[in-house]
Amino acid sequence: MIATAIAGASRLISGASVRWHCDPHSSTQRIYFANHSSHLDFIVIWSALPPRLRRLARPVAGRDYWDKGIVRRHLARHIFRAVLIDRGTATAESTKDPHAAARASTQRMALEMGGLHSLIVFPEGTRSVSGEIGSFKSGLYHLSRLRPDAELIPVYLENLNRILPKAERLPAPMLSRVIFGPRLRVNSDDEKNEFLARARAALIQLKEI
């Protein structure tokens, strides 16, 4: 009931119209990758999914934000069943190998998918202040290699940076769009930078639809 209420409230606040350019009812595990400009982003994508897929979709989110406070923690753990990752925490090991934490996070994401769940990820790694789509971090590439069985689906979010801008606590209701694009094909011989550029281009193309 709580999940249903949150999904309804999210659609009301965001005024989101949803367009699908892939099968909205596919049972195949997926990695939904989207542009990132607001704390509402994963909630709006999660709410836009059909109920059956919503129950199986797990957003990847920063522990530093979603593990603070009783309400956020409860929502993240028990309603969204988010995969919470640590961001920017320096340790002795990460100092020796700055990529170790990123590799560990990606491996955990792949493991958390199991044989049933899909993920919602944001390859930019941080929210865009301008709303422009920034360069992608390497995590999406490595995740696609760890889970080649999962479909990669680009999702373009429009206007959410105006509904809940960075540093704001209360959303301002207005219209937005959620566009689920066609599956991004993955080639076994894709070079990392080429793959990331192609994934980013697939997301940008949805902006013009």
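The values are calculated or read from the model by the stated rules, or taken from the named source; none is laboratory data. The shown structure was predicted, so the numbers you read here are calculated from the model rather than taken from an experiment. Reconstructed Cβ throughout: ideal geometry from the backbone, glycine too, with neighbour counts over all protein chains shown. Just the protein is used for accessible areas: all its heavy atoms, side chains included, with ligands, DNA and RNA removed. Shrake-Rupley method; radii C 1.70, N 1.55, O 1.52, S 1.80 Å.
Here are the numbers:
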read-out: Residue satisfying condition, being in a helix (DSSP H, G or I) and either under 16 Å from the mean Cα position of the chain (by Cα) or within 29 Å of residue 135 (Cβ to Cβ) (or both), within set 17, 10, 38; value: 10
read-out: The lone exception for residue 170 - which of (1) open to solvent by 20 Å² or more (accessible area, probe 1.4 Å); (2) at pLDDT 90 or above it fails; value: (2)
read-out: Condition met for residue 31 (surrounded by 13 or more Cβ atoms within 10 Å (Cβ to Cβ), of a type in the set (Val, Ile, Thr) and modelled with pLDDT of 95 or more); value: yes
read-out: Answer from 165, 154 - the residue that is assigned to a strand (DSSP E or B) and either in contact with a Leu (Cβ under 8 Å, 6 or more places away or on another chain) or modelled with pLDDT under 75 (or both); value: 154
read-out: Cβ-Cβ under 6 Å pairs, at least 6 apart or on other chains, the range 71-83 side among the aromatic types (Phe, Trp, Tyr), far side not in a loop (DSSP other than H, G, I, E, B); value: 80/59
read-out: Selected residue [open to solvent by less than 10 Å² (accessible area, probe 1.4 Å) and not aromatic (Phe, Trp, Tyr)] from 16, 57; value: 57
read-out: Filter result (modelled with pLDDT of 90 or more, among the hydrophobic types (A, V, I, L, M, F, W, C) and open to solvent by 10 Å² or more (accessible area, probe 1.4 Å)) within the range 105-130; value: 109, 110, 111, 116, 121, 122
read-out: So residue 198, is it among the charged types (D, E, K, R), modelled with pLDDT under 85 and either open to solvent by less than 10 Å² (accessible area, probe 1.4 Å) or outside any loop (DSSP other than H, G, I, E, B) (or both); value: no
